[in-house]
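Accompanying notes for the structure given below.
Read the figures in this text as sums done on the coordinates, not as results from a lab. For clarity, every value in this text was computed on a predicted model and none was experimentally measured. Neighbour counts are summed over all protein chains in view; Cβ atoms, including those assigned to glycine, are modelled from backbone coordinates with ideal geometry.
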Amino acid sequence: MEMDERKATILQAIIRNYLETGEPVGSRTISKYTDLNLSSATIRNEMADLEEMGYILQPHTSAGRIPSDKGYRFYVDTMMEAKDREISEMKKVLMERQDKLEDMLKGVVKLLAKDTQYASLITAPSANRNKLKFIQLSRIDDEHLLTVVVKEGNVIKNKVVDVTEPINEETLLKLNLMLNTQLSGMTMDEISLSMITGLKAQAGSHSGVISEVIDAVAEAISAEEDLKVYTSGANNILKYPELSDNSEKAGHLINTFEEREGLEELIIGGEDGDEAIKVYIGSENKVSGMEDCSVVTATYELEGGMKGTIGIVGPKRMDYDKVVGTLKSLRSGLDDLYKKDN
């Protein structure tokens, strides 16, 4: 069997009704909910096909149907295709300007939780740490050089390099020019052994400086910054019976959301790949303790290549249409908000 237009419309009607009520959906409800003008018997047959295809489930005998993870996935993918064609206007989630980026992000995440009634998080933006932007060698004294390594996003790392013999200003200028011409804009993976050998040959008696500088670049690029995460609305999770009926599971879920380790797993998943919006439904979510939730993440970008993640955590029957629309609008306006606040 294939998913045709009628089945897709019935499936979407089931999911929308379940999102609103949290109750299993019967054929009679769907016959009133859609404009297909189909009999309850025809709808029952289509629902039986959808169940056989794995898109809906019947939790109890003689009960209505509820969406499966596969059904949610179909709904989200279909809905997101429509959203990509029509990006909503930026919601006015910030009514007041913030003087600092941190205050702005805290304001965003608080209003996001209030607007969606789910748990929300946002990370402070960070630079692409993999690319080298610039190297500056400066003389401290006859035995030491200061190596300043600038990464994408203007993240700066310093290291003092020992030298075996004094380096005059002219030689230092040549070394700076040579290093930046060869290495600027590269990642460590792109800096090959043959390239390093060539640089050492050009440096002559100062080849040892090249080795020290390459080590400094490697340290700077691999160094990880502390991840700053702002959260709000964790208690919103308790509003949904399917997440709060079991107090132990609910407590574990909230702890997972509030602990840095759990949040990092969400954020890494959100930043992986090129998709602006990612949706993880039920079993698709690999974070321990959140198997009964849906997680929606969006990557936002500020000027200078600075990127961060926005996330929403809620029940599998969350209002995906609203959440995805809100995140698309928010990510499109964060750069403008950041510029205004600076």
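Among 292-298, 186-192, 234-240, 212-218, how do they line up by average Cβ neighbours within 10 Å per residue, starting with the highest? Provide the component values of the computation, followed by the final result.
Working: 292-298: 23.7, 186-192: 13.3, 234-240: 16.6, 212-218: 18.3.
Final packing ranking: 292-298, 212-218, 234-240, 186-192.
Compute, for the range 5-67, the length of the dipole vector about the Cα centre, with Cβ point charges of +1 (Lys, Arg) and -1 (Asp, Glu) only. Units Debye, rounded to 20. Could the numbers behind the result be given before it?
On the way: 7 positive and 8 negative charges, 28 e Å.
Dipole about the Cα centre, nearest 20: 140 debye.
Please state the shape class of the range 132-222: rounded when a/c is under 1.5, otherwise prolate if a/b exceeds b/c and oblate if not, all from the C-alpha gyration tensor.
On the way: a/c = 1.77, a/b = 1.26, b/c = 1.40.
Note, shape of the range 132-222 comes out oblate.
Amide H neighbours of residue 126 under 5 Å, at least 5 residues apart or on other chains, H built in the peptide plane: list them.
307, 308
Pairs to check: 133/228; 151/286; 7/70; 106/328; 239/286; 286/307. Give those whose C-alpha atoms are more than 21 Å from each other in this structure. Mind dumping the intermediate values first?
Details: 133/228 24 Å; 151/286 32 Å; 7/70 14 Å; 106/328 18 Å; 239/286 23 Å; 286/307 23 Å.
Going by Cα-Cα distance, 133/228; 151/286; 239/286; 286/307 fall outside the 21 Å limit.
Which shape class applies to the range 5-67: rounded if a/c is under 1.5, otherwise prolate when a/b exceeds b/c and oblate if not, where a ≥ b ≥ c are the square roots of the Cα gyration tensor eigenvalues?
Working: a/c = 1.37, a/b = 1.16, b/c = 1.18.
Taking the square roots of the gyration eigenvalues as a ≥ b ≥ c, the range 5-67 is rounded.
Once you place label points 7 Å from the Cα toward the Cβ at residue 238 and residue 332, how far apart are they in nm?
Spacing of the two 7 Å Cα→Cβ label points: 3.7 nm.
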